[in-house]
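Below you'll find the structure, written out as structure tokens, and then a few comments.
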Amino acid sequence: MENNLMTVFTRIFHTQGDSLVELSAWIENVRNGQWKNEVENYRRLMAEGKKQEAASVKEQLPALVPAGNCLRGRYPKCLTNRTGYAMFDMDKMPPDVLRNAFARLKEVPWVAACHVTVSGTGLRIFVCIGVVHPDVYRRAYEIVAHALEQVAGHPCDMQCKDLCRLTLASYDPEAYLAPEPLTFPYEEGNNPLLYQPATGTDSSEDYRFNGRTAGNPADYASGNAGFRPFGIPEDPNDDCRYVPLRDPEAFLANFFRKNKFQEGQRHNVLLRLGRNIRWRRFNPYDFERLKHSAFRMMGQLPYSEYCSAMDWGYNHADLGPWVHMDPNGPSTVRKESDEDDLMSHAPLFPEWIYDKLPPLIRRGIIAARSGRQRDMLLMSILTNLSGCVPLVRTLYAHRLYSPHFFFAAVAPAGSGKGVVALSALLGSKIHREMEENNRRERKEYEQKMLEWEAEQKRAFREKRKPDISLKPEEPRWHVLNVPPNTSKSQLMTDLYNSGEIGIICNTTEIDSFTAALGTDYGKHASELRMIYHHEAVGQNYKIDGHPILIQRPRMAICMAGTLQQLVNFVSSKEDGMYSRLALLTGKGESGWISAAPDSDDEWIDGDELFENLADDVLQAYHFLLNSPTSVHFTREQWKIHNKLFGHMMQNVSLEDGEGNEAIVGRHGLLTMRIAMVLTALRKWEAGWNMKDVTCSDEDFSITIELVKVLLEHSLSLSTILPGTERKRSQMTCFHRVLECYKKLPESFTYMEYLTATAAMDISRSTAKRWLKKMLKQNLVAYDNGIYRKVHSTE
């Protein structure tokens, strides 16, 4: 090349270069041992575990910037006379891998040089990638790195993709230098050397932040003016710093290996695929290619279904903290959340699990009238059953837990979430039996009190002390179901009396719980958080002075309410109550759902159905009460559990805000609690009179699928929490879409519509959402680029 001088820095921390040198001279110094003593000393200290001393030696080594002349500073703005060379690093290579990779790399015509690194366990590779524009330098680097990985069979360190990256001196008597290396041969249509930077001073022309103009798809691959495929909306806040897609087939094969494309999960998998593509920052042209490739690879659904689901996942993916950056600096403008779409597309439980559930649960599920209702009813059944299977325990994180957990169905008014009220009947027969026992014991107590009073009178007449053994002890009042609007004192009493069995609280209005917590006789929010983990709670009575202490309280809570009711109940993720809740949300079926019976021959009375199920629950209760159960999990099940929640924890840790890790952590415990309920039912059904029972793989798989969906819902709902602020929004016109519709002309183009809505102070994302609603409701019709009003809304 015409410019082949590279910059040497005497020390890696120097801010300015010291001299210029050709690559051949640098490699010759690596060969002849100019830095042999320092390198061998460094390797010896590292082998002895003296890392600090080794680091001091390493700092004394010179370094090279292959990119060109950086004598004025190691920054792109100071770089002149670029060479077109880039340095690639492969670290932590086993000796045999290093030898084989070194031998293969020497055979590649575009590898200019290669030598062992200062650590002795890696390779430093020099390649002429061409003098590419800084805008696309990293993309070019990644293309070449991928090619090197294919040759060497070892990954490159992508931390080295800076334009002015330093490479340390080393010692390798067998360092390789190609006599006449070639420039890396880029694929046609994906050549960064062909990139032409934007012109003009308007940053909207920059492909990194624009990329919205329809054009040739190949333009996107080459980094030229933007291309956005149909279905992906324009968004001025979108982040378009794209990453090249190296191998579509390999990417899809890896994705579908981790996400099974099976009946009941296919829609959710395609949504996840769209989000994954957006998170990886593949450009829209590659996104279109992936839609075609996924359809060819998996089939089963129409191509339109692939496009619809993947588009939605792509458009609603959260790109993290940089998504709202523009060339002029950070922006405080955030894309308006399309809450309706999010709730409509909230994932459902997989279809297959419903055929695998215990018969008792399957019989109750038929009362649901939609898929969303069915999920909520299933969780409410499991919640109530968690309080109806006594003396079932498992060991989790070195502590014994019972199945009791908290659940809330959160959805808009009239969405059908009230179906959870049916599950409250499951424990009704147990509760009635307890009340009958309470009344009988109370009568026996009152009879003994009469005898005690007679004994006191006799003792008084006979001038002796009464026989204290005749004084009866007042019986405890045992209950199973308790109301939400109860006082703290009564709650402590009920927990104390319930002992190892515990209690259940059901309500279809979360506000009833919130109101009780806010009263003077309530204030037991902290106790509820402690009860979840069976931590000791109690209080001293002001009247008789007798303290109540419940060492291992047990309580299941099943609630339903609107989104605002949830916010009123718990306003922040930092409030530990939120992470303790298993949550389901979603919109109900749009439009009217017939309330007629399914058929003349099939009349299902939900109350009667669950009253009958309560008989079976009573039998299971007595069976398990007489046969304590210890639920165990296999090593393979624990591996699955650890892998899943380790991955989930890693994902949420990338996001801002406190409390995300707590949500994942407590869903790990929820998994085992739900599995305990299923295992206890299997034990009762089979009549196993044994204490130690191992959870079946099938029940464990069911539980994992349930909790994965619950976790997704919980994380989504956490975004509505206002934190410490509880101010309501300002009141606005309810019929905003119709008001907008009335102001539109009889016919208009898309751009005219956007202009008109902008004049009404309506954001672009809101305007596009409204237009979709108008089309769906047949308020407007679209034909050949023109929208026309269909009928009046008067």
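Looking at the stretch 680-706, which of its residues are touching a residue at least 60 places away in the same chain (Cβ under 8 Å) and β-branched (Val, Ile, Thr)?
Val693, Thr694, Ile702, Ile704
Looking at Ala55, Ala103, which one is in a helix (DSSP H, G or I), farther than 17 Å from Ile125 by Cα and out of contact with any helix residue (DSSP H, G or I) (no Cβ under 6 Å at 6 or more places or on another chain)?
Values: Ala103 fails: farther than 17 Å from Ile125 by Cα.
After ruling out the rest, the residue left standing is Ala55.
Restricting the first residue to the stretch 726-749 and requiring it to be under 29 Å from Gln564 (Cβ atoms), which pairs with a second residue that is modelled with pLDDT under 50 meet a Cβ separation below 8 Å and a spacing of at least six or different chains?
From the stretch 726-749, the pairs are Leu738/Thr793; Tyr741/Thr793.
Restricting to the stretch 451-503, name every residue that is of a type in the set (Asp, Glu) and touching a helix residue (DSSP H, G or I) at 6+ places or on another chain (Cβ under 7 Å).
Within the stretch 451-503, Glu451, Glu455, Asp467, Glu474 meet the criteria.
How many residues, within the stretch 99-113, are charged (D, E, K, R) and under 12 Å from Glu149 (Cα atoms)? Even if it seems obvious, please write down each step before you answer.
The initial filter retains those residues of the stretch 99-113 that are charged (D, E, K, R), namely 99, 104, 106-107.
When the remaining residues are screened for being under 12 Å from Glu149 (Cα atoms), the result is 104.
Total satisfying the criteria: 1.
Quick one: would you say Ser119 is surrounded by 15 or more Cβ atoms within 10 Å (Cβ to Cβ), under 21 Å from Ala63 (Cα atoms), in contact with a Ser or Thr (Cβ under 6 Å, 6 or more places away or on another chain) and of a type outside the set (Lys, Arg)?
Numbers: surrounded by 15 or more Cβ atoms within 10 Å (Cβ to Cβ): yes; under 21 Å from Ala63 (Cα atoms): yes; in contact with a Ser or Thr (Cβ under 6 Å, 6 or more places away or on another chain): no; of a type outside the set (Lys, Arg): yes.
In short, no.
At pLDDT below 85, surrounded by fewer than 17 Cβ atoms within 10 Å (Cβ to Cβ) and assigned by TED's automatic domain parsing to the domain that holds Ala101: does that describe Glu180?
Working: at pLDDT below 85: no; surrounded by fewer than 17 Cβ atoms within 10 Å (Cβ to Cβ): yes; assigned by TED's automatic domain parsing to the domain that holds Ala101: yes.
Answer is no for this residue.
Being surrounded by 13 or more Cβ atoms within 10 Å (Cβ to Cβ) and at pLDDT 95 or above: is that true of Ala662 here? Outline the logic, then answer.
Details: surrounded by 13 or more Cβ atoms within 10 Å (Cβ to Cβ): yes; at pLDDT 95 or above: no.
For Ala662, the condition - surrounded by 13 or more Cβ atoms within 10 Å (Cβ to Cβ) and at pLDDT 95 or above - is not met.
What are the residues in the stretch 492-515 that are of a type in the set (Gly, Ala, Ser) and surrounded by 21 or more Cβ atoms within 10 Å (Cβ to Cβ), if any? Can you show your working first?
Looking only at the stretch 492-515, we keep the residues that are of a type in the set (Gly, Ala, Ser), and these are 498-499, 502, 512, 515.
Answer for the stretch 492-515, where residues must be of a type in the set (Gly, Ala, Ser) and surrounded by 21 or more Cβ atoms within 10 Å (Cβ to Cβ): Ser498, Gly502.
Looking at the stretch 301-344, which of its residues are at pLDDT below 70 and among the small types (Gly, Ala, Ser)?
Across the stretch 301-344, the qualifying residues are Ala317, Gly320, Gly329, Ser331, Ser337.
Would you call Asp172 within 28 Å of Phe13 (Cβ to Cβ) and surrounded by fewer than 19 Cβ atoms within 10 Å (Cβ to Cβ)?
Working: within 28 Å of Phe13 (Cβ to Cβ): yes; surrounded by fewer than 19 Cβ atoms within 10 Å (Cβ to Cβ): no.
Answer is no for this residue.
Among the residues of the stretch 260-300, which ones are outside any helix (DSSP H, G or I), modelled with pLDDT of 75 or more and surrounded by 16 or more Cβ atoms within 10 Å (Cβ to Cβ)?
Phe261, Phe282
As an exercise: evaluate Leu771 against (1) under 20 Å from Ser308 (Cα atoms); (2) outside any helix (DSSP H, G or I) and give the number of the one condition it does not meet.
(2)
Specify the residue that is modelled with the highest pLDDT; the eligible residues are those in the stretch 709-759 that are of a type in the set (Asp, Glu) and assigned to a helix (DSSP H, G or I).
First pass over the stretch 709-759, keeping only residues of a type in the set (Asp, Glu): 712, 725, 739, 746, 752.
Subsequent filtering for residues that are assigned to a helix (DSSP H, G or I) retains 712, 739, 752.
On the way: Glu712: 89, Glu739: 78, Glu752: 84.
Among them, the one singled out is Glu712.
All but one of (1) within 27 Å of Ala140 (Cβ to Cβ); (2) without any contact (Cβ under 8 Å) to a residue 40 or more places away in the chain hold for Arg74; which doesn't?
(2)
Within the stretch 435-443, is even one residue in a helix (DSSP H, G or I), touching a residue at least 40 places away in the same chain (Cβ under 8 Å) and charged (D, E, K, R)? Quick ask: steps written out before the conclusion?
Within the stretch 435-443, the first condition is being in a helix (DSSP H, G or I), and the residues that meet it are 435-443.
Filter once more, so that each one left must be touching a residue at least 40 places away in the same chain (Cβ under 8 Å): 435, 437-438.
Retained after the next criterion (residues that are charged (D, E, K, R)): 435.
For the stretch 435-443, residues in a helix (DSSP H, G or I), touching a residue at least 40 places away in the same chain (Cβ under 8 Å) and charged (D, E, K, R): present.
How many of the residues making up the stretch 628-644 are surrounded by fewer than 19 Cβ atoms within 10 Å (Cβ to Cβ) and either closer than 24 Å to Leu391 by Cβ or of a type in the set (A, V, I, L, M, F, W, C) (or both)? So that I can check it myself, show each step before the final result.
Initially, the stretch 628-644 is screened for residues surrounded by fewer than 19 Cβ atoms within 10 Å (Cβ to Cβ), giving 628, 630, 632, 634-636, 638-640, 642-644.
Subsequent filtering for residues that are either closer than 24 Å to Leu391 by Cβ or of a type in the set (A, V, I, L, M, F, W, C) (or both) retains 628, 630, 632, 634, 638, 640, 644.
So the count comes out to 7.
Name the pairs whose Cβ atoms lie under 8 Å apart, with the first residue in the stretch 486-500 and free of Cβ contacts under 8 Å to residues at least 40 places away in the same chain and in the same structural domain as Gln551 (by TED's automatic domain parsing), the second of a type in the set (Ser, Thr, Tyr) and outside any helix (DSSP H, G or I), and 6 or more positions between them or separate chains?
Filtered contacts from the stretch 486-500: Ser487/Thr519; Ser487/Tyr521; Asp494/Thr486.
Would you be able to say whether some residue in the stretch 45-58 is crowded, with 21+ Cβ neighbours inside 10 Å and under 27 Å from Gly153 (Cα atoms)?
The answer is no, given that none of the residues of the stretch 45-58 is crowded, with 21+ Cβ neighbours inside 10 Å and under 27 Å from Gly153 (Cα atoms).
The values are calculated or read from the model by the stated rules, or taken from the named source; none is laboratory data. Only a predicted model underlies this, so the values are computations on that prediction, with no experimental measurement involved. Backbone-built Cβ (ideal geometry, glycine too); neighbour counts: all protein chains shown.
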